[in-house]
Amino acid sequence: MPEKDHATAGSVLIVGASAAGLATAEALRRNEYQGALTLLDAEQHPPYDRPPLSKQVLKGDWEPSRAHLRTDEQLAALDAEFVAGDAAASFDSAARTVTTRTGRQLRAYHVVIATGLHPRTLPGQDTLAGAHVLRSMDDALRLRRDLLGAERLVVVGAGVLGTEVAASARTLGLDVTIVAPATTLLGDQVGDMVGGLLTQLHTEQGVRMRLGVAVDRLTGGDGRVTGGDGRVTGVRLSSGEVLPASVVVIAVGARPATGWLTGSGLTLGDGIECDAHCGAAPGTWAVGDVASWYDVRLGRRLRLENRTNATEQAQTVAANILGATRPYTPVPYFWTDQYAAEIQVHGLPSPLDDVTVVEGDVEERRFAALYSQGGRATAVLGWNMPKQARLLRQQHLTGPPGADSARSV
């Protein structure tokens, strides 16, 4: 296909039209950018939100269209060209040219990369029906169809995604087991005190736990290691125990979607390595889960995988495209809703932190906690106390909520 050349017109090409990419486009228009704007995305779906996939969409509480980030009319008002269903295949950062899987070439004066993550998988997983990852809308819809006809689910992974899927599946009435090397759910993220409480909550809801043990392999219809056609029948643990399963969800983390950038001229490490302003090269920027930037406040490189970061970072990238020189220095934030628990985390907690409950009562499962190391506050957490968590953030972490950012909607 012929090359589309807007490079001399100050145009912007955004690669990835999920939350980070769409928020960048909207921020540009809000700040009176009137040039050519193109959004390229591998999926055919209109831009949609990912947090509901493991909860409302998976349980069937929402129709898939309810997870769309904007209406057709709102997208049209952006006056942008959406190129859907065609993944980026390579990038020449010197020429600022993206070549797509179909051979289309797109050039722009500014290129914003917002390609997100690829889920990690287990060896042989792709050969078995019933073995799932959950990243996209199509992933969620396939998993829901499988769950509706299943009895036993095994979730491999004890992070936010795995525990949300487990909670949703219990709501649907499945027999659910969580297996992970960790000793508590979310322990690697929020420590053993809160992680232990979440583990207790899941156990009370009937979820079986196989913690502190690794997965050896998935088993298929013949009981052997994966490799042939057929359906998953179980998960073999390193202890030798086999957990029977009609559906398995692998939630063992993700890696930045940077494979297509090999040979691009960009520096790739744990994501696309950017400067403090989210610039990866002259005229090239990165935003969202794929971006690793130098945080001047922390004095180190940081990459975040959460919904709020996608929209907050987009505001900085858009401002800098339009001439600002604004470093990106967020107060990280993520949340998870599981059963009756609403958990909000501001900052960067560590399992090594000291945790002090400063308001509420853990036994009542309504409390706010302060995380600290060496006398310095690192994070705050609210369990069914969102207002108190926000106030603690204002008191102990740099910057009030919403400063230099825009909240997700």
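The values are calculated or read from the model by the stated rules, or taken from the named source; none is laboratory data. This structure is a prediction, so every number in the text was calculated from the model and none was measured. Cβ coordinates were reconstructed from backbone atoms using ideal geometry, including for glycine residues, and neighbour counts include every protein chain displayed. These accessible areas exclude ligands, DNA and RNA; they are computed on the full protein's heavy atoms, side chains included. Shrake-Rupley method; radii C 1.70, N 1.55, O 1.52, S 1.80 Å.
The angle between the Cα long axis of helix 160-171 and the longest principal axis of the Cα atoms of the chain comes to about 50 degrees, rounded to the nearest 10. Between region 8-86 and region 159-222, how many Å separate their Cα centres? Region 8-86 and region 159-222 have Cα centres spaced 32 Å from each other.
Each Lys or Arg adds one and each Asp or Glu subtracts one; over the other residues with Cβ under 14 Å from the Cβ of Leu302, this totals -3. Can you pull out the GluC sites (Glu not before Pro) in region 8-49 whose DSSP state is coil and whose Cβ has at most 12 other Cβ atoms within 10 Å? Filter output for region 8-49: Glu32.
The dipole here belongs to region 141-185: it is taken about the Cα centre, uses +1 on the Cβ of Lys and Arg and -1 on the Cβ of Asp and Glu, and is about 140 debye. Heavy-atom accessible area, probed at 1.4 angstrom with all protein chains present, ranks Asp126, Asp270 as Asp126, Asp270, highest first. Remark on Phe82: its backbone amide H falls under 5 Å from those of Leu39, a criterion applied only to residues 5 or more positions apart or on other chains, H modelled at 1.01 Å from N. Under a 5 Å amide H cut-off, with hydrogens placed 1.01 Å from N, Cys278 pairs with Tyr294, Tyr328 among residues at least 5 apart or on other chains.
Each residue of region 384-396 was assigned a 3J(HN,Hα) from its phi angle through the Karplus curve 6.51 cos²θ - 1.76 cosθ + 1.60 (θ = phi - 60°); the sequence is 6, 9, x, 5, 5, 5, 5, 5, 5, 4, 4, 7, 10 Hz, with glycine and proline shown as x. Length available on full extension from Leu391 to Glu241: 0.36 nm per residue minus the Cα-Cα distance, which gives 49.3 nm. Shown in residue order for region 42-48 are the 3J(HN,Hα) couplings computed by the Karplus curve 6.51 cos²θ - 1.76 cosθ + 1.60 at θ = phi - 60°: 6, 8, 8, 5, x, x, 9 Hz (x for Gly and Pro). Once you order the gyration tensor axes a ≥ b ≥ c over the Cα atoms, which shape class does region 66-143 get: rounded for a/c under 1.5, otherwise prolate or oblate by comparing a/b with b/c? In terms of gyration-tensor shape, oblate. The string of couplings for region 17-31 from the Karplus curve (6.51, -1.76, 1.60, θ = phi - 60°) is 10, 8, 4, 5, x, 5, 4, 5, 4, 5, 5, 4, 5, 4, 8 Hz, one whole number per residue in order, with x for Gly and Pro. As I understand it, the value is the acute angle between the Cα axis of helix 137-148 and the longest principal axis of the Cα atoms of the chain; what does it come to in degrees, rounded to 10? On a 0 to 90 degree scale, this one is about 20.
Shape of region 157-262 from its Cα gyration tensor (a ≥ b ≥ c, root eigenvalues): rounded if a/c is under 1.5, otherwise prolate when a/b > b/c, or oblate? It is oblate, given that a/c is not under 1.5 and a/b is not larger than b/c. Among Ala389, Ala108, Ala77, the largest mean-square fluctuation in a Gaussian network model of the chain, built with springs joining Cα atoms closer than 10 Å, belongs to Ala77. Per residue, the chain reaches -6500 deg cm²/dmol at 222 nm when only DSSP H runs of four or more residues are counted, each adding -39500 (n - 2.57).
Figure legend: label point modelled 7 angstrom from the Cα of Ala214 along Cα→Cβ; residues of region 179-193 with amide N under 13 Å from it are 180-182. Residues whose amide H comes within less than 5 Å of that of Ala254, counting only those at least five positions distant or on another chain, are Arg120 (H built at 1.01 Å from N in the peptide plane). Relative to the Cα centre, the charge distribution of the chain, modelled as +1 at Lys and Arg Cβ and -1 at Asp and Glu Cβ, gives a dipole magnitude of about 180 debye. Nearest 5 percent is fine: what portion of the DSSP beta bridges confined to the chain is antiparallel? Bridges in the chain that DSSP calls antiparallel: roughly 60 percent.
Among Pro64, Pro52, Pro282, the residue with the largest mean-square fluctuation in a Gaussian network model of the chain, with springs joining Cα atoms closer than 10 Å, is Pro282. When a/c reaches 1.5 or more, the comparison of a/b and b/c decides; with that in mind, is region 275-409 rounded, prolate or oblate per its Cα gyration tensor? Prolate.
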